[in-house]
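The next block holds one structure in the form of structure tokens; read it before the comments.
What follows draws every value from the coordinates through simple rules; no lab data is involved. In this text, all values refer to a predicted model and were calculated from it rather than measured experimentally. Heads up, the Cβs are rebuilt from the backbone with ideal geometry, glycines too, and the neighbour counts pull from every protein chain shown.
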Amino acid sequence: MSTFSNIMIIGVSVLFIVTLLLILIVLVSVLVIRKRDLSQTQHSIRRNFPILSRIRYLSEHIGPELRQYFFEGDHEAKPFSRLDFHYIVKSGKYAKNIIAFGSKRDFDKPGFYIRNAFFAKQLTDLQADNENLIITHKYVEDKDTLFSRHEHREQAQIKPWHYTDADKIIIGKDSCRYPFTIKSPVAMSGMSYGALGDHAISALSYGLKDAGAYMNTGEGGLSPHHLKGGADIMVQIGPAKFGFRNPDGSFSYDLLREKASNPQVKAFEIKLGQGAKIRGGHIEGSKVTPEIAEIRGV
């Protein structure tokens, strides 16, 4: 026999042995799992339907994904429906916010709706300050197939849609040395450093600066990551006084004056209670690093 034939025979033999070993491992594993299911007394389903009942746990884990792609309607799911998420991604990633003609809303259901104008205004007729464009990037789809999406990124100039000087909001116009001027109709709500990581807070800081919007620190105190991008800051002071505490836990007016002297800090928000979580905000112990403890003053 030739050398090639010998190599083929050896290869087939090795493949056969490996296949048998894999089958044997699977069978032994199944028998071990079956024995455990039959002998345990905690779960009746596993005892009555060994092995097969474990599909239940798999279904519970992949259930959200199955509902997201196969079973949920476009207007279902909280806090954002599939359509809401679709519009956000289209606007943020592809810089597109044009919706197809018509509506998918059910107008027979009770609720409040914005009525479409019979003669809609042109974009050039809207009162908005778009003088300083945002230099950013957007994705452009090259080809969208059944199993893949081909796209590339390119530089773009986006309109900020700021309030005009006549419509801008001024906080402390007559009472503050440096009034807080708001020209963006959107802003970042309170999300503290600790609940979000330094990369997320820094990225939001840079993005909000480009968008001309302000960011709220959340009750975790003012961190260097909030300041990194140069955005206007609203510092939140919560019941725990994170970032404004004396060593004995009392409120520190010195720290208040120190943070107020930062030109990026435009306002303070006093948080009287917890609205997002019933028992108040919690942060995992593994997240409480020395840096976070120092920022919060605990």
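Annotations
- Beta bridges by DSSP in the chain, antiparallel share as percent, to the nearest 5: 60
- Under-5 Å amide H pairs with Gly220, H placed in peptide plane, nonlocal only: Ser192, Tyr193
- Only one residue of Pro290, His61, Asn116 has its Cα farthest out toward the positive end of the dipole of the chain, where Lys and Arg carry +1 and Asp and Glu -1 on Cβ, and that residue is His61.
- Only Lys, Arg, Asp and Glu carry charge here, each on its Cβ (+1 for the first two, -1 for the last two); on that basis region 3-71 has a dipole of about 340 debye about its Cα centre.
- Share of pairwise Cα separations in the chain, more than 32 Å, in percent: 56
- Legend: distances between Cα atoms for Lys90/Lys121; Lys168/Lys271; Lys96/Lys159; Lys96/Lys209; Lys168/Lys259; Lys173/Lys271; pairs beyond 18 Å are Lys90/Lys121; Lys168/Lys271; Lys96/Lys209; Lys168/Lys259; Lys173/Lys271.
- Between helix 3-39 and the chain: long-axis angle, C-alpha atoms, 0 to 90°, nearest 10: 70
- DSSP-loop chymotrypsin sites (Phe, Trp or Tyr not before Pro) across region 92-168, with at most 10 other Cβ within 10 angstrom: Phe101, Phe107, Phe112, Tyr113, Phe118, Phe119, Phe147
- Selected from Leu272, Leu21, Leu204 as most flexible by GNM, with the chain as the system and alpha-carbon contacts under 10 Å: Leu21
- Length gained when the stretch Tyr253-Val186 is fully extended (0.36 nm per residue, less Cα-Cα span): 21.1 nm
- Counting 0.36 nm for each residue step from Leu38 to Thr145 and taking away their Cα separation leaves a gain of 33.8 nm.
- Rounded to the nearest 20 debye, the dipole size of the chain about its Cα centre is 900 debye, using +1 on the Cβ of Lys and Arg and -1 on the Cβ of Asp and Glu.
- Alpha-carbon centroid distance for the pair region 17-66 / region 87-160, whole angstrom: 48
- Longest to shortest principal axis, alpha-carbon extents of region 84-185, angstrom: 60, 42, 24
- Stretching Phe119 away from Asn246 to a fully extended chain increases their span by 39.7 nm, per 0.36 nm per residue minus the current alpha-carbon distance.
- Kirkwood Rh in Å, taken over region 208-298 so that all alpha-carbon pairs contribute: 13.9
- Computed over region 7-127, the ratio Rg/Rh where both radii use C-alpha atoms and Rh is Kirkwood: 1.31
- Burial ordering of Met191, Met215, Met234, Met8, fewest other beta-carbon atoms within 10 Å first: Met8, Met191, Met234, Met215
- Between helix 82-94 and the chain: long-axis angle, C-alpha atoms, 0 to 90°, nearest 10: 70
- The charge dipole of region 143-298, taken about its Cα centre with unit charges on the Cβ atoms of Lys, Arg (+1), Asp and Glu (-1) only, comes to about 180 debye.
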